[in-house]
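Scroll down for the structure; my scribbles are underneath it.
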Amino acid sequence: MNLATHGSICETLVAMIVSHAAAAGATAVPVAPVAMGWGDVLSQQLITGVSNGMIIALIAIGYTMVYGIIELINFAHGDLCTLGSFLALTLVGALGMEAWAGLGGTAAVITLLICSAIFCGALNWTIDRVAYRPLRGKPKLALLVSAIGCSFILVNIALFWGGLPMDVFGGGNQAAAPKDFPSLISNENLLGAKSAITVTWRDLFVVIVTVPLMIGLTWLVKSTRLGKAMRAVAQNPTAAALMGIDVNRVIGSTFLIGGALGGFASVIYALYNNTISFQMGYRTGMDAFTAAVLGGIGSLPGAVVGGIVIGLVRALSDGYIEARWTNSVVFGILILTLVFRPSGILGAKLREKV
Amino acid sequence: MLKNIASLCLLAFLVTPTLAQGDKPEKVLKIISSLPRTGSANAQTTTMVNGIQLAIDEVHGKIGDYTIVYEDMDDASPQRGNWDPAVEAQNANKAARDERVIAYIGTFNSGASKISMPVLNKAGLLMISPAATYPGLTKPGKGEANEPKIYRPTGKINFFRVVPADDLQGFVAAEWAKDMGVKKVYILDDRELYGKGIANVFEKHAKEIGIEVLGREGIDPKASNFKSLATKIKAAAPDMVYFGGTTQNSAGQIAKDLHTANATPKFMVPDGCFEKAFIEAAGAENVNGSAFITFGGLPADKLTGRGAEFRAAYKKKYNLKENEEPEGYAVYGYEACKVLLDAIPKAKTMDRAGILQAVSETKNYDGALGIWSFDENGDTTNTTMSGNTVENGEFKFVKVLGK
């Protein structure tokens, strides 16, 4: 996906030079919209698609890791991310982060990322400990129903949380209303105000945070002791236990890591979209789950590829077909892919599940 | 023996509710409201319910020998965060079955009215909406070919509204856009009855008065953002974007993404967004001076006569601060209940049919919204509309629209 981002920025630069003449006459607010050629529009849609896709991918990893190791579709994962972003908004309000200027702004973002990751990781670990672990070895359906139950509980916690009497939550009298998330990251166009294409710090931020996380995770799974144990448990829990691996601990770590990535994703989501609501987990979770299936559930690179594909398809469908068809297009592509490759884009190639 | 006891218990269970209802059936008149209580419309609903309560308190909860009982029902569900067809149907059926209920105040969303209207029509129960504005609910020829007949299976009219319908609002919105010098517009809707309906009216009239329509599209209200759509709109370079829809269906996120992408200088929305939740969801910096909101009436602080009295009484009763105003629909909640309470003494029989008849004969009513009547379709004859914008994160009245 590194290449994809790189490609679209190159296109952007080329298109910027091409459309430079047309781009005159745009300065102060309210600015007359800059004329965009078809190349500009396409590049912009690709940028949007990749940014959205990265967020989806980060959440999809949480689904795919858990599935890979205990074959559970953890329906609570999307709603876990909702709580992560609610925590972030609470911190923004409590610490007055809107006023942190310059380097302080960066510090604010880093604080949010870390706090939310720790919170979501710990919460996901707790959910596993309380709701899933007692059901290990029981019929898979029990586990699935437990996950759906957790999802409902988390949604309702978010609904309750939204009613906090804080200014950032609208004073607390509109618990269910969408909440505006302050723009901690500048929305200034890095290509200059006259460019027809907009690449902002927000777009870069998504990539800057997501890519190292994915690389780090790959390293963790491929090269560390814990990663080795995770792969072993994924392949055969009984054999792994016989080899002296503490299976429950490894599964707990998987939930911890998946949850932490969800925590990162929730902050990125909030800073990128600037709106959070108690229901956001449903849609993002659905997209992420679709991405995980499309890429091949259980496969880490698959989740990343699936996420970016879905982000791009959504953007192109919104841009060139019609927004109302987007969901149909996404699921149409999912069905077509599964018909021809039942285990997803990258699913079949991989032997191990994590 | 055990079987006998069991059947006795069952019998008792079946009989008890009837007895309880039969206690003093002739002395209670029950009013139900069915409005969205869960979701971002709740703040708006709270002020409507406050308005209803205020009207009931003004008569001290009694008309003649009859006690007025009021129940505030929610037609939204947490799963949807918005009005829910299943809940609305449940509310309507419950109201229809309860003999004591003589009026149903609701709904807020036109789509919800579509569900409850036929149920209540068959039950002969009066329905007064403070906010549902889709024209097809009452006006023949303004909606689908079979509207409004399908909502009136008995052929009798039982649905009334105190708010002017969207065939007027969409019309004046287009006029207002033209006044502001808009030449090219891009139209979006949320694909719901209300949003799509008003966008249709807007589109039709915009074309009639020479505004070029660059595009028309339904959105996915639950999408996480509309950045791709904003890019597409930016490429089309309109002078204004019109969104037919509500706050619950992402009006705030759309405003935000359009502003961030610098896609349009003006963003116009109908009364479904005339609530503080819209500004909060969008973020004030994204709508200040660039968002324009039409509303089927006047904001509370512009009301005169009995409307001004209402505002003063409301602010006193609910301890509003000097600079705080009730939300736009509070007065409609009040008026819907008030017109009902004023009609009850005129009813020939104190039952559903009598009260329905009395309300339908309302003529030249001197209410908080001015002097108005119900016409033959059940619509208000009021046509006062207002155009509003946002300044410093607050709604600001711009002008009276329409005739």
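The values are calculated or read from the model by the stated rules, or taken from the named source; none is laboratory data. Note that the structure is predicted; figures quoted are calculated from it, not measured. We place every Cβ from the backbone using ideal geometry, glycine too, and count neighbours over all the protein chains shown.
Laid out as a table, the results:
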{"item": "Test: B:Glu391 is without any contact (Cβ under 8 Å) to a residue 60 or more places away in the chain and not basic (Lys, Arg)", "result": "no"}
{"item": "Residue within the stretch B:285-301 that is surrounded by 24 or more Cβ atoms within 10 Å (Cβ to Cβ), at the interface with chain A (Cβ under 8 Å from one of its Cβ atoms) and of a type outside the set (Phe, Trp, Tyr) present", "result": "no"}
{"item": "The listed residue being of a type in the set (Gly, Ala, Ser) and at pLDDT 95 or above, out of B:Gly272, B:Gly244, B:Gly252", "result": "B:Gly244"}
{"item": "Helices (runs of 4 or more DSSP H) wholly inside the stretch B:221-306 containing at least 3 residues that are in the same structural domain as B:Met180 (by TED's automatic domain parsing) and under 15 Å from B:Leu188 (Cα atoms)", "result": "B:227-236, B:251-260"}
{"item": "The stretch B:116-138, residues that are under 16 Å from the mean Cα position of the chain (by Cα) and either surrounded by fewer than 23 Cβ atoms within 10 Å (Cβ to Cβ) or in a loop (DSSP other than H, G, I, E, B) (or both)", "result": "B:Pro130, B:Ala131, B:Ala132, B:Thr133, B:Tyr134, B:Thr138"}
{"item": "Residue satisfying condition, being at positive phi and touching a residue at least 24 places away in the same chain (Cβ under 8 Å), within set A:Glu71, A:Glu98", "result": "A:Glu71"}
{"item": "Enumeration of residues in the stretch A:257-303 that are among the small types (Gly, Ala, Ser), within 14 Å of chain B (Cβ to nearest Cβ) and more than 20 Å from A:Thr326 (Cα to Cα)", "result": "A:Ala265, A:Ser266, A:Ala270, A:Ser277"}
{"item": "Selection count, the stretch B:314-334, where residues are in contact (Cβ under 8 Å) with a residue 60 or more places away in the chain and crowded, with 17+ Cβ neighbours inside 10 Å", "result": "10"}
{"item": "Residues (among the aliphatic types (A, V, I, L, M) and either in contact with an Asp or Glu (Cβ under 6 Å, 6 or more places away or on another chain) or within 23 Å of B:Gly141 (Cβ to Cβ) (or both)) located in the stretch B:183-212", "result": "B:Ile187, B:Leu188, B:Leu193, B:Ile198, B:Ala199, B:Val201, B:Ala206, B:Ile209"}
{"item": "Options A:Leu184, A:Leu204: the member that is out of contact with any Lys or Arg (no Cβ under 8 Å at 6 or more places or on another chain), more than 11 Å from chain B (Cβ to nearest Cβ), part of a loop (DSSP other than H, G, I, E, B) and at pLDDT 85 or above", "result": "A:Leu184"}
{"item": "Lone qualifier among B:Pro265, B:Pro238 - being touching a residue at least 12 places away in the same chain (Cβ under 8 Å), within 9 Å of chain A (Cβ to nearest Cβ), under 23 Å from B:Gly387 (Cβ atoms) and out of contact with any Phe, Trp or Tyr (no Cβ under 9 Å at 6 or more places or on another chain)", "result": "B:Pro265"}
{"item": "Filter result for A:Val145 (over 18 Å from A:Arg202 (Cα atoms) and in a helix (DSSP H, G or I))", "result": "yes"}
{"item": "Count of residues meeting criterion [hydroxyl-bearing (Ser, Thr, Tyr) and either exposed (fewer than 14 other Cβ atoms within 10 Å of the Cβ) or away from chain B (no Cβ under 14 Å) (or both)] in the stretch A:137-181", "result": "1"}
{"item": "Odd one out for A:Leu42 among (1) hydrophobic (A, V, I, L, M, F, W, C); (2) closer than 28 Å to A:Val247 by Cα; (3) part of a helix (DSSP H, G or I); (4) within 14 Å of chain B (Cβ to nearest Cβ)", "result": "(2)"}
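Yes or no, residue by residue, for (1) outside any helix (DSSP H, G or I); (2) under 30 Å from B:Ile279 (Cβ atoms); (3) touching a His at 6+ places or on another chain (Cβ under 9 Å); (4) modelled with pLDDT under 85:
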{"position": "B:Val15", "(1), (2), (3), (4)": "no, no, no, yes"}
{"position": "B:Leu19", "(1), (2), (3), (4)": "no, no, no, yes"}
{"position": "B:Gln53", "(1), (2), (3), (4)": "no, yes, no, no"}
{"position": "B:Thr67", "(1), (2), (3), (4)": "yes, no, no, no"}
